Amino acid sequence: FTLTLWNTYSFFVTYANLDGWTPDATIKVEYSSLDKWLRSMLHTLIRDVTNALETYDVLGATRPIQTFVEQLSNWYLRRSRRRFWKSESDSDKQAAYATLYECLVSLSKLLAPTMPFMADELYLNLVGSISADAKESVHLAAWPKFDDSAIDEKLNREMALIMRLTSLGHAARNKANRKVRQPLAEVAFSVGSLEEENVVRQYSELLTDELNVKKVRLLNAASEAVSYSLNPLPKQLGQKYGSLFPEIRKKILAMEVDKTAIQLMTGEGINVEVNGQALEILPEEVEVRLQAKEGYSVASEGAYLAALVTDLTPELVAEGLAREFVRGVQDLRKQADFDIADRIRLYVTATPTLQSAIHAYRPYVMGETLALELEEITPPGRAPTIQAEFEGEQVTIGIERMQ
C-alpha cells in the first residue's frame with residue numbers, strides 16, 4: 001500500500017514539476033468521465049471513512065483507503081498516463097492534474113490519524129510548498145468534507161463492471177499465453193442484463209484500449225464461444241440425498257445444458273422432481289465445466305464471460321513486434337539515465353521481419369519514444385546501445401539526446 005501510494009505521488013510530482021503545474025481555483029476544470037468517476041469514488045471514500053471514524057470502526061476507516069489507492073494507481077493513473085505525457089497543456093491535461101491533486105491532498109488528510117508522518121510529508125509538499133495559507137502540519141488542517149453532488153452511484157457501478165470485464169479479458173489473454181503488447185482482433189463479452197450490455201457499448205473504446213484489441217462486441221449467446229457441460233457432484237449430492245442421487249444426476253444431465261449452466265453460474269439453484277419430490281439443487285452441488293471453442297480463449301466469473309479471439313494475422317504480429325521494440329527503447333532510456341522529457345535520435349538495426357515492422361509503424365515508434373529522428377543504421381560508438389531478442393527477432397538499439 002505504502003509503495004503504491006508513494007509511486008502515485010512521485011508520478012504526480014515529477015510531471016507537475018516538469019510542466020510547472022500548480023492548482024488554480026480560477027480555472028474552470030472540464031472533467032472527463034474517468035475524472036468524474038475518480039472524484040465520485042473519492043467523495044464516497046471521504047463520506048465512508050468519516051462515518052467509520054465517528055463510530056470507532058477501525059477497519060471501515062482504513063481498508064477502503066487501501067482499495068481506493070489501488071484503483072487510483074492501477075486503473076485511473078494507468079488509464080490517464082498519456083494525458084500527462086502530452087506536450088501541449090490543454091484542458092484535458094489540466095483536468096487530469098486537478099483530479100489527481102485533489103485525490104492526493106484528500107488522502108494526506110484521511111491518512112493523518114493512522115499514518116501521521118507519511119500524511120504530513122505528502123501534505124507539506126503538496127500544499128505547504130505552494131500555498132501561503134497552508135497549515136504548518138496536516139494535523140492542524142481541517143478534516144475534508146465530502147461533496148454529495150460529486151458522488152454518482154450509477155457511474156461507480158458502471159466503472160466497477162468495466163474493471164471486472166477488463167480483469168476477465170486479461171485472464172483470457174493469460175490463458176492463451178498472449179502478451180499484453182500483442183494486439184488481438186477482438187474480445188466479446190457476455191453480461192448479466194440489458195443495462196450492462198449498454199454499459200459495454202458505452203465504454204467500448206476504453207475496453208478496446210485497455211485490452212489491446214481492435215474490436216469489442218457482445219456475444220450473441222455465451223455458447224457462441226464456449227460449450228458447457230454439467231457434473232452433478234456425488235460427494236455433496238450423495239451425502240445430502242443418499243439413494244436418490246442416481247435419479248437426481250439423470251434429471252440434471254437431461255436438462256438444457258446452456259440455460260442450466262448459466263443459471264448455476266449466476267448463483268441460482270435449479271429445481272428437479274424425483275419420485276414426486278420437488279428438490280432444489282444448489283449451485284455448489286453441480287460443477288459447470290467450460291470448454292472454449294476453436295479460436296477463442298475464455299474466462300468467466302458468474303454471469304460474466306470474456307472471449308478473446310486468439311488467431312494472429314501478419315498485421316497483428318507486426319504491430320506486436322513494434323510495441324515490443326518500443327519497450328526495448330524505453331528500457332534503454334532508463335539504463336542511460338535519460339530524463340522522461342528528453343527527445344532522442346534513435347538508431348536501429350534488426351532482423352528483416354522486425355525491421356519491416358518498425359518501418360511500418362515508424363510514426364507510432366517515434367511518438368512513443370520521443371524520437372525526433374529514426375535512422376535504420378548501426379548506432380555510432382558514442383551512443384548508449386543495447387542488443388535484444390524477442391519473439392525470435394534480434395535488434396540493436398542506440399539512442400542520443402537531441403535538443
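The values are calculated or read from the model by the stated rules, or taken from the named source; none is laboratory data. For clarity, every value in this text was computed on a predicted model and none was experimentally measured. Quick reminder, even Gly has a Cβ in these numbers, built from the backbone with ideal geometry, and neighbours come from all protein chains shown. Accessible surface areas use protein heavy atoms only, side chains included; no ligands, DNA or RNA. Shrake-Rupley method; radii C 1.70, N 1.55, O 1.52, S 1.80 Å.
Annotations for the structure displayed:
- Mean projected area (nm²) of the alpha-carbon convex hull when segment 1-126 is viewed from all directions: 7.4 nm²
- Over the chain: helical MRE at 222 nm, DSSP H runs n ≥ 4 each giving -39500 (n - 2.57), nearest 500: -15500 deg cm²/dmol
- Cα convex hull, the chain: 195 Å³ per residue, rounded to a whole number.
- His139 accessible area, assembled protein chains, probe 1.4 Å, Å²: 90 Å²
- At most 12 other Cβ within 10 Å, DSSP loop - trypsin sites (Lys or Arg not before Pro), segment 4-89: Lys28, Lys86
- Whole-angstrom Cα spans of segment 245-314 along principal axes, big to small: 60, 19, 15
- Alpha-carbon centroid distance for the pair segment 1-61 / segment 158-210, whole angstrom: 26 Å
- Coarse-grained scattering of segment 235-276 at q = 0.14, 0.23, 0.25, 0.34 Å⁻¹, given as base-10 log I(q)/I(0) from a Debye sum over alpha-carbon atoms: -0.34, -0.85, -0.96, -1.15
- Radius 14 Å from Cβ of Phe325, net charge of other residues (Lys, Arg +1; Asp, Glu -1): -2
- Subset of Lys179/Lys215; Lys259/Lys293; Lys154/Lys175; Lys36/Lys93; Lys179/Lys334 violating a 20 Å alpha-carbon distance limit: Lys154/Lys175; Lys179/Lys334
- Sparsely packed loop sites in segment 116-156 (the trypsin sites (Lys or Arg not before Pro) outside DSSP H, G, I, E and B with at most 11 other Cβ atoms within 10 Å) comprise Lys145.
- Residues considered: Asp48, Asp147, Asp339. Largest GNM mean-square fluctuation over the chain, using C-alpha springs under 10 Å, is found at Asp339.
- Of the accessible area of the chain, computed with a 1.4 Å probe over protein heavy atoms only, carbon and sulfur atoms account for 49 percent.
- Computed about the Cα centre, the dipole magnitude for the chain is approximately 520 debye when only Lys and Arg (+1) and Asp and Glu (-1) carry charge, each at its Cβ.
- Neighbour count of at most 15 Cβ within 10 Å plus DSSP loop: longest GluC sites (Glu not before Pro)-free window in the chain: 137-255
- For segment 205-303, the list of trypsin sites (Lys or Arg not before Pro) that fall in a loop by DSSP and count at most 13 other C-beta atoms within 10 angstrom reads Lys215, Lys293.
- Dimensions (Å) - segment 305-363, Cα atoms, principal axes, largest first: 42, 33, 18
- Of all complete DSSP H helices in the chain, those with a Cα span along the helix axis of 18 Å or greater and a mean Kyte-Doolittle hydropathy of 0.0 or more are 2-19, 58-71, 91-110.
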